[in-house]
Each structure stands twice: as C-alpha cells, then as structure tokens.
1. Using a 7 Å offset from Cα along Cα-Cβ at residue A:22, what residues in the range A:185-213 end up with backbone N under 17 Å from the label point?
2. Only helical DSSP H runs with n ≥ 4 go in: add -39500 (n - 2.57) per run for chain B, normalise by residue count and round the 222 nm mean residue ellipticity to 500 deg cm²/dmol.
3. With the Cα gyration tensor of chain B giving a ≥ b ≥ c as the square roots of its eigenvalues, does the rule (a/c under 1.5 for rounded; else a/b larger than b/c for prolate; else oblate) give rounded, prolate or oblate?
4. Please work out, to two decimal places, the log10 of the ratio I(q)/I(0) at q = 0.06, 0.10, 0.11 Å⁻¹ from a Debye calculation in which every Cα of the protein assembly as shown carries one identical scatterer.
5. Let me check I've understood the local charge: for residue A:36, count other residues with C-beta under 15 angstrom from its C-beta, Lys and Arg +1, Asp and Glu -1. What total comes out?
6. Apply the membrane-span-like helix rule to chain A: whole DSSP H runs, Cα extent along the own long axis of at least 20 Å, mean Kyte-Doolittle hydropathy at least -0.5. List the helices found.
7. Could you order C:108, A:46, C:150 so the one with the most accessible surface comes first? Probe is 1.4 Å.
8. Taking chain A as a Gaussian network, Cα atoms linked when under 10 Å apart, which of A:151, A:104, A:119 shows the biggest mean-square fluctuation?
Amino acid sequence: MFSFQTIIDNLPVLIGSARYTLLISVLGCLEGLILGAVICAAALSHKIWLRRAAALYVSFFRGVPLLIQLLVAYYLLPVIGLNVPALVAAVLTVGFCAAAYLSEVLRGSLNAIPKGQAEAAAAIGMVPLDVWVRILLPQALKIGLPAIVNELILLVKASSLVTVVGIVEITRMSQSIAAATFRPLEIYLAAAFIYLAINLVIAQVGRVLERRLAV
Amino acid sequence: MLETLHRYGPDLLTGFGLTIFSWLLGTAFGFVLGFLIEIARRFGPRALGYPIRAYVEFIRGTPFLVQLFVLYYGGPLIGLRLDALPAGILGLTIYGSAYFTEILRAGFDAVPLGQIEAARAIGFRNSTIVSRIMVPVMMVSALPALVNFAIILTKETVILSMITVPEIMFQTQTMMSETFAFVTPILILALFFWGFVEAISRIGRRLERRFTHYLIDRS
Amino acid sequence: MTHQPAAPAAAYLRNVNKFYGPFQALKDVSLDIPPGKVTCLIGPSGSGKSTLLRCINVLEDYDSGEVRIDDQLIGYETPGGKRMAPRRLREMRREIGMVFQQFNLWPHMTALQNVAEGLERVRGLSRAQAETRAREALAKVGLGDKEGNHPSHLSGGQQQRVAIARAIAMEPRIMLFDEPTSALDPELVGEVLGVMKQLAAEGMTMVVVTHEMGFAAHVADRVVFMERGEIVAVGSPRDVFDAPSDPRLASFLQGYRERNSLDF
C-alpha cells in the first residue's frame, strides 16, 4: 500500500533540508556568474594564451561529470593540505562547474549585443573595465536571463550529487528517512516533487523577471 | 602504478564496457521512446497532451539521481523488481525520452508547413509524410541538439554508480578506497571521458554530414 | 456576368463559407470552374482568393456549403454531414495538382526524387516507372538536365518549375496555382508563366491565384475578382479589365495600374 502518512510525517524534515539544496545551487550560480564573466572575458581576449586557458577550463568542466569533480574535491583537497568544510567544497565545485556553462551563455549574449555599443562607450572615453561592467555585462545578463535561469534549474538538480560529500540536502535526507522507514518509494517520490516545486517556482520567477526587463 | 593497473585492469575494463553499454542502450531506447511520445503528442488524441506534458515536466524538473532511487529502491514496492543494471538502463531511457521528445518537437515544428502541405496535396498518407518528409527534414535542425544531449547522457551514466551498477565510476571509486591512490584513477576517468565524448562528437559530425549532404555544394 | 452552362463544370463551389474564429474569410461563395479553361482569381491581399483555392483540395476545411470535383463532394461525406475519411480525401487529392507560392519542394530530395516520390508512394508505380514518368515531366518544364540537383542548387524559377512538374506528373484533372510567381525575382517570372501558358494551351483545367495582371489578361479564359471574402465580378478578361462594371473592381485595377504604370 502506498502510504501517504509516511510522506506527511516526514515532509517537514525533507522541506527543511531543501535549504541546503537552495544554498548550494544559488551560491553556486552566483559564483558561476562571477567566475563565468571572468572566463568569458578571457575567451574574448586578444591574448592567445588567455583564450587557450579559457577554452581548456570550459572543456574540462563541461567534459568531466560533476560527480567526478565532486569526488576530486573531496578526496584531493585534503591530500594537498586544504581542509575546507564539505559544504564550502561543494559550493565551490558546483560553482566552478557552473562557471564553464555560464561563460558560454555570457559569450553568446555578448555576441548578440550590437558592436556599436562598445564602440560608443569607447568613443566617449570609457576605460575597458567600465565598458565591460557598465555597458556590456548588464545587457548580456538581460539577454542571457532565460539561459541563466535554466542553468540555475540544472544546478538545483545537480546539487543532488553533493550527497557524495556528505551534505544533508534533500536527496541525502531522503536516503536516511527511506532507510529508517523502509518506505523508499514514498520518500523518494516526495523528494522528487520538492525538487519539481522548487524548479517550477524558479522558472516562474524567471518568466516574471524576463517580462519586467523586457521594456 | 603499473602494479595497480595490473590488479585493477580487468575491473576497469568491465567498468568501461558497462558504461558504454548502458549509455548506448539508454540513448537508443530513450530516443525511440522520445520519438514515440512525440508522434503520440502530434498525431494522437488531444487528451494525450496533458499526461505527456506532465511526464516531460516531471522528468525534466527532478534530479536523475532521485529518479533512479525511486525506480531502484521504490520499484519493488509496486512489484518492479529490477537488478541495478536494468534499473539504470531503464532510468536512462525514461530520463532521455523526456529530453529527446522536446528536441524532436522543436525539430518537427521547424519543418516548413508548406512542405507538409505539398505532400498532403499530392495525397500522401500521414505515415508517409512523417517518414519521407518530416523526419529527414527535421533531422537537419535537430541533429546537433540530439548529439549534444547524447553527450550529456554520458555524464549522467556515471550516476548509475550510486545504485551500485559496477560501471567505470564505481570501479574507480572501489580502486580509490582500497589503494588510497587518487591521481591514477582520476586520470583514468578523465582520459576515458575525454575519449568517449570525442568519439561521440565525431560520429555526430559524420551523421550531420549524412543528413545535410544535399545542402553542400558538390559542383 | 455570363453563365457558361455549355459543358459541365470540372469543379464548383456552392454557398461556401469559411471562418477563422470570428473573421469570415469566405462569404457564401459560389463558382464554377469550367473544364479545359484557365480561371484566374484576382483581388487585394486578404480578399479570400487563396482561401478559396485551398478549399478546392481541402487543405483548408470549409465550414458550410459544397465543393465538388467532377460532381463528387470533397471534404464531407454528405453536404453538411460528417468529415470525409482521410483515405477518401487522399484519393480525391490525387486528382488535384497544386503549386504553391513558396514552391515547397522537399529539400532532402533531388528534383527527380521530388517528382517521382508521389508517383511511387501514392500512385504505386515501381521506382523505374516513376522515374521515367518524372523525367518526362521534368523535360516538359524544360529541366531535363537538372534532375540530379537538390532544390538548394536550383534558382527560384527552376524550383517552381520542378514543383509544377511534380504536380503534372500525377496527371491531375485540375491544377491549382497559389500565387506561383509572387516569391520570384522579376527576371525569373517569365519562365514559370511560360510553362503555365504551355499547360493552358494543352487544355489543362487551371485555377490560378495571381497578382500578374498581364498573365490574367492574356492567358485566362475567365477572371474572378474577389474582395472581402466575396466574388464581386466574374467575366472574360475583356469584360473585367476593359470594362469593369463594379466600382470596387475599377478602383482595384486603377490602383494596380498606378503602381505598375503600364498598360495591358
């Protein structure tokens, strides 16, 4: 028999654990945006070694599964004497991975901005950094918004993998509850629906933001 | 290092094989299921639209890992008792189908309506219109996205290790925990994925040429 | 308006109505298509000419009235009754060729395959027979040497001629042309109109929606002027172009002459 009671009893704890899911995906996304902007700038640089480094970064973090990246961080960081808390390691790793994807998003968006924008800014004497921060990035963020929201949704799902480094977010919590109650079907389905709810909310917020910005 | 490789070589080979095997079946079945879903949505009764929409939203809105847990640990409660490997392949199939069906939908939508009308005006039946006109034309626009998603699926395949499928990730983790050597296993993993993804991209480019040969000037 | 009861119509519409939501695209339209003749539909854009044409082979469902091909109802089982079974509709469509504004050739097939495909899949000919017939049709439109080209390697005019070959290869009883030259560069219009004239001279029953008043004036046997979903005037080219009786027709022709500043 499908036991709704099990779900109702454990729902508060499960939802409580969602704060780690959100923390990791939101912070990871922010880190990804900042680092992604830097990588994107490197990819568009005139210096060939910067472009090469950016390309290498992107192909590594997009090519190797996140699960492997997390294990590298988990096993390897202590070996080289970096004893960071698991949560920090998880956020950093997720962010490093997101940066690879987001740098490509930003690059695509920048390509969509008419060349004249940067030229006009340079013509009135703006320094390159200002051209980037004041003129190009705000427009790129706006154009890239749907893709960025999509990336955040991917991160919410990807954050389920940080169970392997022992952080008790939704998936890890549901594993423990499933083991304790012998009700894996109900608990994992409940967990799935919590993820779904989070992602539907993010998608909705994204649509509202898009409409706001589309003046 | 050579000693470790000698000791773990056979296990690693099994791991490589299982990863490629599950990816191959998961991708193929996922594509076929996704195609059938799209055909049902496009040509089936309108009432099918809502359950299909819900299926796609659910699969795309939840982590693959959690879907695997539902299937593998939750399945037996409703009589679906699967070993880890079949469960993993079924999971990949279901997960892939939701994404493939969306890619195919966009591809079919991009087929110019006029080309379909021309076929209808001549008197083709629907099945002929799909197989002779829509699929070949759709493939041109959808193929890059299909290949891209097939590559994404290679990375999802390592998640099968979490339900104890002894694929490459599982094998290297065992190796790591037994030998406390990290660099070699991780190097092996990285090289394997690099080669794997590169091979798929190449096959994808070849397929693309096959499907778009008529756009290329031969004169 | 002159009636031509002499020969039975190859096709006719009786009191046909067509709605797009609240917008009525065809208002109680009745029209005879005489056999072996060229009927041209003219009128401003949005007047319902293309809709009327597309109702003849039911690419567009009409809402009420009757459309008959050789006295056989198309689109419905009985007037105002059930929709026609898809299989039966397909059988009737074989007899009606259609040429589109955007050519709508299939991009993944060569010119020859584009023409042969319907013969093979719909007429059930063998591959060899289909290709022989397709070659004949291509030769007829003057493209015998282009059979191996894909549409992307043909000019617009050549593509449209392949599309005409695709339609005539099926040996239809009626040919519908939906603005066949509107998507073409001006210098390519002539070759397509030339093929159409040749078809007309062979006695093909043709219905042509066109903006080419010159073609309508010189090739049409009957000209139908439509506005706002209604047939406003029908007559010989001489009646319609030289002595327009209806003020709306007169102002349409006046506007056309001013834009093109030429006589016909």
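The values are calculated or read from the model by the stated rules, or taken from the named source; none is laboratory data. The model shown is predicted, which means the values in this text are computed figures rather than measured ones. Glycine gets a Cβ as well: all are built from the backbone with ideal geometry, and neighbour counts include every protein chain shown. Heavy atoms of the whole protein, side chains included, go into the accessibility calculation; ligands, DNA and RNA do not. Shrake-Rupley method; radii C 1.70, N 1.55, O 1.52, S 1.80 Å.
1. Once the point is set 7 Å along Cα→Cβ of residue A:22, A:191-206 turn out to lie under 17 Å by backbone N, inside the range A:185-213.
2. -25500 deg cm²/dmol
3. In terms of gyration-tensor shape, oblate.
4. -0.52, -1.04, -1.13
5. Numbers: positive: A:62, A:107; negative: A:31, A:104, A:151.
Result for the local shell: -1.
6. Counting only whole DSSP H runs, the qualifying helices are A:4-43, A:48-63, A:86-112, A:137-158, A:184-213.
7. Putting C:108, A:46, C:150 in descending order of accessible area: A:46, C:108, C:150.
8. Of A:151, A:104, A:119, the Gaussian network model singles out A:119 as fluctuating most.
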